Amino acid sequence: MEKLVLYHGSERIVERPEFMKGVAHNDFGAGFYATKEEAIAKEWACGDGNDGYVNIYSISLEGLKVFDITKEKNASLVWLALLLKNRRLRIGSAKQKTARDFVVENYLPDVRAYDIIVGYRGDDSYFSFARAFLDGEISFGQLDKMLTLDKLCLQYALVSDKAVKSLRFSDVLVEDGSDCYYKRKERDSKLREEVLSFVEKSPKYISDIMER
């Protein structure tokens, strides 16, 4: 029976998480989002530079169905399809719209039967690179590199009432907003630089994938 310790960064203490209480248009839909990485939860807690809280929970996965995007074939496109389906990602051109519709139609998984979705986070860089990929400005390899380069980028989306009620609150940490804010900006900047410097021998773009 697998048990996890999960961290949830917030502007408040959340001893009793509620399903459907958060933002509806989140990465993988409505739910309660957490991470296995304390450092990332600190960044979420202080996203606007104010002090915040890291709520700590334990959860047993017994009886819960987990969909892990990272184990899927074409994981980056599966992630992107879910992001495009759920988030209000700004689409500015006909090329982007055509590419978006193609990705959603061909790579969107049916996750309705699952309690937890494990996948990459949709932070600032992730959004900008997703748009750049749809517009043909970066290759699939660069998009994939971005998602797999940051080893701390996985999040756990508890997308059923059953999963959220399985959480057990154990502790809370108070975090300094200014310190976490600058660490997040520094890590995001480093990630962008590494991805853009990534060179492929035979890069494939969204147009290549659509033609194939």
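The values are calculated or read from the model by the stated rules, or taken from the named source; none is laboratory data. It should be emphasised that the depicted structure is a prediction, and the values quoted were computed from it without experimental measurement. Backbone-built Cβ (ideal geometry, glycine too); neighbour counts: all protein chains shown. Side chains included, ligands, DNA and RNA excluded: accessible areas come from the protein's heavy atoms. Shrake-Rupley method; radii C 1.70, N 1.55, O 1.52, S 1.80 Å.
Each residue in segment 140-168 was checked for being at pLDDT 95 or above, open to solvent by less than 10 Å² (accessible area, probe 1.4 Å) and assigned to a helix (DSSP H, G or I), and 2 of them qualify.
Take Lys204 and tell me if it is out of contact with any Cys (no Cβ under 7 Å at 6 or more places or on another chain), farther than 26 Å from Gly31 by Cα and open to solvent by 50 Å² or more (accessible area, probe 1.4 Å). Against the criterion (out of contact with any Cys (no Cβ under 7 Å at 6 or more places or on another chain), farther than 26 Å from Gly31 by Cα and open to solvent by 50 Å² or more (accessible area, probe 1.4 Å)), Lys204 qualifies. Being within 30 Å of Gln142 (Cβ to Cβ), open to solvent by 60 Å² or more (accessible area, probe 1.4 Å) and touching a residue at least 24 places away in the same chain (Cβ under 8 Å): is that true of Glu38 here? The answer is yes for Glu38. Taken over segment 98-139, the criterion of being open to solvent by 50 Å² or more (accessible area, probe 1.4 Å) and of a type in the set (S, T, N, Q) is satisfied by Thr98, Asn106. Only residues that are part of a helix (DSSP H, G or I), loosely packed, with under 15 Cβ neighbours inside 10 Å and of a type outside the set (D, E, K, R) were counted in segment 72-97, giving 1.
Counting only residues that are assigned to a strand (DSSP E or B) and over 8 Å from His8 (Cβ atoms), segment 36-55 holds 2 of them.
For beta carbons closer than 8 Å, sequence separation of 6+ or different chains, a first residue in segment 74-95 that is under 14 Å from Arg131 (Cβ atoms) and a second that is β-branched (Val, Ile, Thr) and open to solvent by 10 Å² or more (accessible area, probe 1.4 Å), the qualifying pairs are Leu84/Val104.
Matching residues to (1) modelled with pLDDT under 85; (2) more than 24 Å from Cys180 (Cα to Cα):
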| site | (1), (2) |
| --- | --- |
| Gly9 | no, no |
| Val14 | no, no |
| Ala24 | yes, yes |
| Cys46 | yes, no |
| Gly52 | no, no |
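In this structure, Tyr33 does not satisfy being of a type in the set (Ser, Thr, Tyr), surrounded by 14 or more Cβ atoms within 10 Å (Cβ to Cβ), touching a residue at least 12 places away in the same chain (Cβ under 8 Å) and out of contact with any Gly (no Cβ under 8 Å at 6 or more places or on another chain). If you go through segment 9-24 and keep only what is open to solvent by less than 80 Å² (accessible area, probe 1.4 Å), in contact (Cβ under 8 Å) with a residue 12 or more places away in the chain and assigned to a loop (DSSP other than H, G, I, E, B), you end up with Ile13, Val14, Pro17, Phe19.
Within segment 12-57, the set of residues being touching a strand residue (DSSP E or B) at 6+ places or on another chain (Cβ under 6 Å) and closer than 20 Å to Leu83 by Cβ comprises Phe28, Gly31, Phe32, Tyr33, Ala34, Thr35, Trp44.
Number of residues in segment 98-127 that are assigned to a loop (DSSP other than H, G, I, E, B) and modelled with pLDDT under 90 equals 3.
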